[in-house]
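Q: I'd like to ask you about the structure that follows.
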Amino acid sequence: MSFKAAAVQMCSGVDPARNVEMMAKLVREAAAQGATYIQTPEMTGAIQRDRTGPRSVLKHEADDIIVREAANLAGELGVYLHIGSTPIALADGKIANRGFLFGPDGVKICDYDKIHMFDVDLENGESWRESAAYRPGATARVADLSFGKLGFSICYDVRFPELFRQQAVVGAEIMSVPAAFTKQTGEAHWEILLRARAIENGFFVIAAAQAGKHEDGRETFGHSMIVDPWGRVLAEAGPTGEGVIVADIDTAAVHRARAKIPNLKNARSFVLDEVTPTGKGGVAA
């Protein structure tokens, strides 16, 4: 199955109303270029470092402005619209970092809550504790769509290859990695990780990213990217600024790559033996 995919690059701020206007403009631009699957980045609706700030503007899913506008756009344009993620208020006071996929009829197909929380301390002094406000998801998901099987992840999930492998094993042909990578980690690992996940699993990777300096003071890496199953970068955005990248996706390339390097088929279970030396060159039995 061949189709045109788009990754939308944004620089979301703290106001969901302003962000939804930019999202709609870019989604329309992607559709005008012929894209039938359009992905937006992580935290499309709001990026806010202050953990108390988001709760004043966030809504439950049924009332969320991004969710409502995305459903309308998908139906109006006749496209699959994938909101990479947006913060959604939960009944227990926590927030879900939740992605949404809408079909060409404007109906929600499924959602996905980010599983792995970004709890890290970086060398430049940045410290992040996503789990302090967000509730992690517990369910991986693959959607069987008209153009192929789409797997889901969000940002930090990309560092956990077992999530990607399990989705590949059940047939995922395209993997989504919407993100808001920090500038420091993006410079070090963004492209390497995306290409590695594509090569390891023999599928396409589509990664819409946040880019530039945000209202809350953070800086994200940008470089939205579409990678083929052989690890080749088909399209890439710049380090800053909103925009759209598009690429032609042919899922037959997935099966060609997996035929050449059948590592999914060749995988074997094994036992891990942790060896403890006994001294003088000996090994404990």
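The values are calculated or read from the model by the stated rules, or taken from the named source; none is laboratory data. All of these numbers come straight from a predicted model, not from anything done at the bench. Note that we place each Cβ from the backbone using ideal geometry, even for glycine, and neighbour counts take in every protein chain shown. Ligands, DNA and RNA are excluded from the accessible area calculation, which covers all protein heavy atoms including side chains. Shrake-Rupley method; radii C 1.70, N 1.55, O 1.52, S 1.80 Å.
Q: Enter the angle in degrees (range 0 to 90, nearest 10) between the Cα long axis of helix 183-201 and the first principal axis of the Cα atoms of the chain, meaning the one along which they spread out most.
A: Value to nearest ten degrees: 70.
Q: Out of Val14, Val246, Val27, any idea which swings most in a Gaussian network model of the chain, alpha carbons joined below 10 Å?
A: So, out of Val14, Val246, Val27, the one fluctuating most is Val14.
Q: Next up: May I ask you to derive the relative contact order of the chain, considering only C-alpha pairs under 8 Å and at least 6 residues apart, and to give it as an integer percent? Don't skip to the end; give the middle numbers.
A: On the way: 676 pairs, mean separation 56.6, N = 285.
It comes to 20 percent, rounded to a whole number.
Q: Kindly flag which residue pairs out of Lys114/Lys183; Lys25/Lys94; Lys114/Lys260; Lys114/Lys149; Lys108/Lys265 have an alpha-carbon separation exceeding 28 Å in this structure. Write out the running numbers ahead of the final one.
A: Numbers: Lys114/Lys183 20 Å; Lys25/Lys94 30 Å; Lys114/Lys260 32 Å; Lys114/Lys149 19 Å; Lys108/Lys265 33 Å.
Listed pairs above 28 Å: Lys25/Lys94; Lys114/Lys260; Lys108/Lys265.
Q: Return the long-range amide H neighbours of Lys4 (sequence gap of 5 or more, or a different chain), with a cut-off of under 5 Å between placed amide H atoms.
A: The list, which skips near neighbours in sequence, is Thr36, Tyr37, Ile249.
Q: Hey, another quick one. Which net charge results for the neighbourhood of Gly148, defined as the other residues with beta-carbon distances under 10 angstrom from its beta-carbon, given Lys and Arg at +1 and Asp and Glu at -1? Please report the intermediate quantities before stating the final value.
A: Details: positive: Lys149; negative: Asp144, Glu173, Asp250.
Net local charge, Gly148 excluded: -2.
Q: In whole Hz, what ³J(HN,Hα) sequence does the range 32-45 give by Karplus (6.51, -1.76, 1.60; θ = phi - 60°), x for Gly and Pro?
A: Result, ordered by residue: 5, 8, x, 6, 10, 10, 10, 10, 9, x, 4, 6, 4, x Hz.
Q: Just checking my list (i) 1, 6, 13, 17, 19, 16, 12, 7, 4, 2, 2, 1, 1, 0, 0; (ii) 1, 5, 7, 9, 10, 9, 7, 7, 6, 6, 6, 5, 5, 4, 4, 3, 2, 2, 1, 0, 0, 0; (iii) 1, 5, 11, 13, 14, 13, 11, 8, 7, 6, 5, 3, 2, 1, 0, 0 against P(r) over Cα pairs in 5 Å bins from 0, in percent computed from this structure; which label fits?
A: Checked against the structure: label (i).
Q: Another question, if that's okay. Per residue, how much accessible surface does the chain expose to a 1.4 Å probe? Answer in Å², no decimals.
A: Details: 12750 Å² over 285 residues.
Each residue of the chain exposes 45 Å² on average to a 1.4 Å probe.
Q: Taking only Cα atoms and a 10 Å spring cutoff, compute GNM fluctuations for the chain and point out the largest among Ile65, Ile206, Ile226.
A: Ile65
Q: Once you've got the GNM for the chain with C-alpha springs shorter than 10 Å, pick whichever of Arg197, Arg129, Arg258 has the biggest mean-square fluctuation.
A: Arg129
Q: Net charge around Ala211, counting only other residues with Cβ within less than 11 Å of its Cβ (Lys, Arg = +1; Asp, Glu = -1)?
A: Numbers: positive: Lys183, Lys213; negative: Glu219, Glu242.
Combined, the nearby Lys, Arg, Asp and Glu give 0.
Q: Note down the net charge around Val227, summing +1 for each Lys or Arg and -1 for each Asp or Glu among other residues with Cβ under 15 Å from its Cβ. Don't skip to the answer; put the middle values down first.
A: Numbers: positive: Arg195, Arg197, Arg232; negative: Glu173, Glu191, Glu200, Asp228, Glu236, Asp248, Asp250.
Local charge sum for Val227: -4.
Q: If amide hydrogens are placed 1.01 Å from N in the peptide plane, which non-local residues have theirs closer than 5 Å to the one on Ile115?
A: Gly137, Ile154
Q: So, in nm, how far is label Arg268 from label Ser146 when the simple model puts each one 7 Å beyond its Cα toward the Cβ?
A: The answer from the label model is 4.5 nm.
Q: For the range 1-117, what does the relative contact order come out to in percent, with C-alpha contacts under 8 Å and a separation of six or more? Show your work: numbers first, answer last.
A: Working: 236 pairs, mean separation 27.4, N = 117.
Reported as a whole number, the value is 23 percent.
Q: Here's something else I'd like to know. What is the set of long-range amide H partners of Phe181 at a cut-off below 5 Å, with H atoms built 1.01 Å from backbone N?
A: Counting only residues 5 or more places away or on other chains, the set is Gln210, Phe221, Gly222.
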